[in-house]
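The values are calculated or read from the model by the stated rules, or taken from the named source; none is laboratory data. Remember, predicted model here, so these are calculated numbers, not experimental data. Neighbour counts run over all protein chains shown; Cβ positions are idealised from the backbone, glycine included.
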Amino acid sequence: MILNMYVIIIIMFFIGNMIFVSKHKHLLIVLLSLEFMVLSVFFFLMFYLLMINYNMYMLMVFLVFSVCEGALGLSILVSMIRTHGNDYFQSFNLL
């Protein structure tokens, strides 16, 4: 049972990673794939800490950092849409 959960979590992480690598046209899809990978890492940490009967304090710290990462990504998305009109990576120049 536990091994099946770890396999599912690893598959979740690799699916998120494949979407992150292949769908680089829109910023919103990239941000969603990053959040999906963060969610899979959270599940892995949760099952690992439950298995060794450890305190869940580190999960709260991880969730705080992941929420801050999500808010920063959304603020970048909003500022990009306000300045360029869309979230395509090809529509603006990085220089």
Output the residue which, of all residues in region 37-58 that are over 25 Å from Met18 (Cα atoms) and hydrophobic (A, V, I, L, M, F, W, C), is modelled with the lowest pLDDT.
-> Met56
Note on Phe14: of the conditions (1) surrounded by fewer than 15 Cβ atoms within 10 Å (Cβ to Cβ); (2) farther than 30 Å from Met1 by Cα; (3) within 16 Å of the chain's Cα centre (by Cα); (4) not hydroxyl-bearing (Ser, Thr, Tyr), unmet is (2)
Ile19 vs (1) over 9 Å from the mean Cα position of the chain (by Cα); (2) surrounded by fewer than 17 Cβ atoms within 10 Å (Cβ to Cβ): all pass except (2)
Does Met5 satisfy the condition of being more than 13 Å from the chain's Cα centre (by Cα), in a helix (DSSP H, G or I), surrounded by 15 or more Cβ atoms within 10 Å (Cβ to Cβ) and modelled with pLDDT under 90?
-> no
